[in-house]
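Participant: Before I ask anything, let me first share the structure, which is written out below as structure tokens.
What follows is calculated from the coordinates using simple rules that are stated; it is not laboratory data. Worth saying up front: this structure is predicted, and the values here are computed from it rather than measured. As a convention, Cβ positions derive from the backbone with ideal geometry for all residues, glycine included, and neighbour counts pool all protein chains shown.
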Amino acid sequence: MRSVYAVIDEDGALKYHIEENVDLPSMTHHSVMIQVRACALSPYVHTQILQDVGLAHSRLPVGREVSGIVTQVGSAVTSCKEGDEIVGVVPLDAPCSGCADICVLEEHNIVLKPDKVSFTEAACAVSDGVKAYTGLHYLARICAGEIVIIINGADATGTVMIQLALHWGAKVLTTASNEEERTYLEGLRPSPSKVIVVGEKASSLVKSCLEETGGLGVDCIIDNGVNLFESEEDQSLALAVTSQYQPHKHELLSCLGMGGRWVTCQPDLQLDPPDSSLLYLKGASISFLFTDVWTLATSQQGRFLHILKDVMEKVANKTVRPCFEQPLSLENVPDAYRRTTTHKGRLVMQI
């Protein structure tokens, strides 16, 4: 079979290529073999995280969110059968790529795909849906009427977060890096209460948040990375590298209200003593959003399956509408991976 892999070169950079005649992954009693019909392309490969957990290799699998048709099941599998249409997540420590003709997953990492949902929609929605569900429900624990600000709401994950937060009755504020993103966000139905155009100026973020909340601050913040530098030169450099606006950590702390919850995707976040003191005085809390923990740990498999099923139900009834671009063929995946950061919609491979 054909499969896409990433190879780490001598400089530490990732090179993507297609391997032909790859051996089929081995099956266990709880394994499910899937004929891949669609696979969403993640913006990056977690090379540093793989090194931290001792799973880094010179050859890394590519593509984590897959949908397809079951072709073979293990002897102990009860949740699906041959011919079923499923959607699932390839674990971070799995040896096989999702961007391949065939993929093998464990039974507890897949759910049945609703008939109303296409393979492409399912593959694009599952990862962003799990991240949004984890951040909003399990970490932020938002309730109806609360105010949440979602940083960079125009990307694929931010769009799903906005839709889910509005569905649960929260008032949503979000940021846009330019007028084009603002137009896109204001065109969503339902749309966020306010779109804050920030660009390279983070000062307008605090002012807008306090104006919208009467000076009280927001109940929840979900970021997409944090700028750890204070100088304008360093902030401009960070913006050029990430291609997305990232607020400074003190700006986010200033936006938090009493008892607020800050959910961050910044793995190396460091708080200075004054920042910790401000967090303490507000009775606020901070959580780290790392969705791969669902598949790396086995203690919460039931909750993970519940999230997958609920996300698919919301996609089926159009509560969640994933944002994706024109599907690609497997042959075009290596080239597409080199430019995933320049796209707002999710890139997806379709077979």
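Participant: If amide H atoms are built 1.01 Å from N in the plane of the peptide, which residues on other chains or at least 5 residues away come under 5 Å of the amide H of F324?
Facilitator: R346
Participant: Could you work out the helix-only [θ] at 222 nm for the chain, with each DSSP H run of four or more residues adding -39,500 (n - 2.57) and the total divided by the number of residues, to the nearest 500 deg cm²/dmol?
Facilitator: About -8500 deg cm²/dmol.
Participant: Order these peptides, 24-36, 165-177, 73-85, 287-299, by their mean beta-carbon neighbour count within 10 angstrom, highest first.
Facilitator: 165-177, 24-36, 287-299, 73-85
Participant: Determine the relative contact order of the chain: mean sequence separation of Cα pairs under 8 Å and six or more apart, normalised by residue count, in whole percent.
Facilitator: For the chain, the relative contact order is 19 percent.
Participant: Please list the non-local residues whose amide H lies under 5 Å from the amide H of W262, H modeled 1.01 Å from N, same-chain partners needing a gap of 5 or more.
Facilitator: For W262, whose amide H was placed from the backbone, the distant partners under 5 Å are I221, S285, I286, S287.
Participant: Where does the charge balance sit around L216 when Lys and Arg score +1, Asp and Glu -1, over other residues with C-beta under 12 Å from its C-beta?
Facilitator: Here the charged neighbours net out to -3.
Participant: Could you pull out the pairs from K131/K207; K207/K249; K81/K318; K15/K309 whose alpha carbons sit more than 23 Å apart here?
Facilitator: Flagged as over cut-off: K131/K207; K81/K318; K15/K309.
Participant: Could you tell me the largest-minus-smallest coordinate of the C-alpha atoms of the chain on each of the three principal axes, in descending order and whole angstroms?
Facilitator: That gives 59, 46, 37 Å along the principal axes, largest extent first.
Participant: Could I ask something else about it? Considering only V7, G145, S191, whose Cα is most displaced toward the positive end of the charge dipole of the chain, charges sitting on Cβ of Lys, Arg (+1) and Asp, Glu (-1)?
Facilitator: G145
Participant: Follow-up question, since we're still on this one. Suppose we look only past 15 Å in the calculated P(r) of the stretch 254-310. What percent of the Cα-Cα pairs does that tail hold?
Facilitator: When all Cα pairs of the stretch 254-310 are counted, 61 percent exceed 15 Å.
Participant: Here is a follow-up. Distance between the C-alpha centers of the stretch 137-172 and the stretch 179-228? Whole Å please.
Facilitator: Answer, in whole Å: 12.
Participant: With no solvent and one point on each alpha carbon, what is the Debye value of log10 I(q)/I(0) for the stretch 69-135 at q = 0.23 Å⁻¹?
Facilitator: After summing over all Cα pairs, the log10 values are -1.18.
Participant: Let me ask another. Taking the Cα centre of each part, how many Å lie between the stretch 289-334 and the stretch 78-126?
Facilitator: Their Cα centres are 9 Å away from one another.
Participant: To two decimal places, what compactness ratio does the stretch 242-351 give when its Cα radius of gyration is scaled by 2.2 N^0.38 Å?
Facilitator: So the Cα radius of gyration is 1.44 times the expected 2.2 N^0.38 Å.
Participant: Need one number: % antiparallel among DSSP beta bridges in the chain, to the nearest 5.
Facilitator: Given both bridge residues lie in the chain, the antiparallel proportion sits at roughly 60 percent.
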